[in-house]
Amino acid sequence: MTTLADEVPARYREWVERNRAWVHEKSRGRVGYLHLPDMMSAGFAEFHRYFSAECDRDALIVDVRYNRGGHVSQLLLEKGRAQAHRLQSIALVAGAALSRRGGAGPVVALTNEHAGSDGDIFSHAFKLMQIGPLVGTRTWGGVIGIWPRHRLVDGTETTQPEFSFWFKDVGWGVENYGTDPTVEVDNAPQDAAAGRDRQLETALAEALKLIGRKGGALPRFDKRPNLARQRLPARRRP
């Protein structure tokens, strides 16, 4: 038996899969779930690990709690904004499958005070683009970016504030404040002791509410035209 050098990846995967299974069970498979740990290579990989499987449902929860930031939020927001008009039907031997570049139904984002930098930006832009409700608590509030490129002789690096972000609704106001959720809910210590995640419960309730308001996201393919060669009419004898 080989001892793990770091148990964090195993604990993280268990947490994600537990949340995903809970959402599937409580929604009877109608709502998908994915988590973005950052907006760098790990978060980009997590997005593509789950998105193709989770977007084939009536709604999707995108969880950015504890997001460590990065620089790919713009790419992921475009995926979240894509709606059902990007559906494409692919005929199979039996039935039909759906292939899409974007999700089909409503999207709910889940954030908290530990989401910062590009996690702040994703959360605020999610609201600004009116993709869907943002559930949780106010984000961290640190969006001025750094570029660790100045290496010293002892092998360390220096950083300095270099990249600030302006938004059309609050200007420079996300820095040192964060962004407020549209539906505020916090997980109290007693919730953790009881094994409850009230933020995820609220996000699921919002997703189901949107499904009820807008109907199922997946189209029905039960009225296809019959384009097979038709039988020729009976030949009339002279």
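The values are calculated or read from the model by the stated rules, or taken from the named source; none is laboratory data. Values in this document were obtained by computation on a predicted structure and should not be read as measured data. Every residue, glycine among them, receives a Cβ derived from its backbone with ideal geometry; neighbour counts consider all protein chains shown.
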Exactly one of these conditions fails for Val62: (1) modelled with pLDDT under 90; (2) in a strand (DSSP E or B). Give me its number. (1)
Across region 195-216, what is the total count of residues that are closer than 17 Å to Glu25 by Cβ, among the small types (Gly, Ala, Ser) and touching a residue at least 40 places away in the same chain (Cβ under 8 Å)? 2
Having 1 or more residues that are modelled with pLDDT under 85 is the bar; report the strands (runs of 3 or more DSSP E) wholly within region 78-192 that clear it. 87-91, 96-100
Restricted to region 31-57 and to residues being over 14 Å from Ala21 (Cα atoms) and of a type in the set (Phe, Trp, Tyr), the residue surrounded by the fewest Cβ atoms within 10 Å (Cβ to Cβ) is Phe44
